[in-house]
Amino acid sequence: MPTAQRNPGKSSSRRRWIGWGVLVVALLGSAWFATEGLTAAGLTGIHGTFTVKECTEEAGTRKNPHTNEFDCEGTFRPDDGSTVDDGVSLYAFSTDYDAGTKLPAQHVDGGMVGAMTSGYLLANEDGISGNFLKAFLCLLCIPVLLFCRLTGFGTDGVSIQLFRESWRATKGTRTRTIVVTTLAVVLFCAIEGSNILAMVLPGLV
């Protein structure tokens with residue numbers, strides 16, 4: 001009985017499509033978090049003030065049973081004098097704000113952030129740095145994909161042993177320089193760049 005023959009061309013094409021798919025998802029995720037970061041900096045959306053009416057404590061998750069979060073209800077009053085919204089809900093605060101506390105916030109009408117949230121986000125440095133950190137971390141797939149593309153890693157399967165052999169084979173080559181440099185740039189942007197953006201962007205408003 002004849003055995004089925006593998007089609008190397010078909011497998012290679014499938015891996016390329018998977019690689020492109022991973023890259024597209026990573027870029028979309030990065031764009032999403034970057035947009036949230038810009039909104040938290042006050043560069044997008046309608047500027048205003050969120051006044052807390054009441055905050056409710058939510059129990060910690062199974063993974064973090066000692067980490068409680070607070071959901072807050074309140075009123076958003078835009079700086080431009082447009083319609084006031086008395087039914088705003090904001091979630092996952094680490095602080096239990098007292099009633100009457102006023103916090104800078106943004107209203108996003110439509111767009112990427114507005115479609116995926118209640119349309120309201122707090123404007124603060126933690127929101128800027130946190131979201132840009134996530135945006136840059138999404139790009140960590142780029143050095144991985146570069147390594148696979150330049151070395152052919154994954155062509156004959158994926159294992160720790162094959163990875164070690166492929167990595168050793170790049171010693172002293174341009175491939176290792178490209179991969180390591182790209183990884184270093186992404187990590188620097190994630191660790192330091194997000195904090196720098198948190199300090200600089202609010203001053204642009």
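Only the coordinates and a few stated rules stand behind these numbers; no lab work does. Nothing here was measured: the structure is a model prediction, and the numbers come from that model. All Cβ positions, glycine included, derive from the backbone under ideal geometry; neighbour counts span all protein chains shown.
Worth a mention:
- Potential extension, L150-L23 segment - 0.36 nm per residue separation minus Cα distance: 44.2 nm
- For the range 70-205, the C-alpha radius of gyration sits at 1.54 times the compact-globule guess of 2.2 N^0.38 Å, with N the residue count.
- Distant-in-sequence amide H partners of A105 (H built 1.01 Å from N, under 5 Å): G48, T49, F50, A123
- For K53, nonlocal amide neighbours, meaning residues 5 or more places apart or on other chains whose placed amide H falls under 5 Å from its own, are E73, G74, T75, G100.
- The residues neighbouring A99, those whose beta-carbon lies less than 9 Å from its own, together hold a net charge of -1 under the Lys/Arg +1, Asp/Glu -1 convention.
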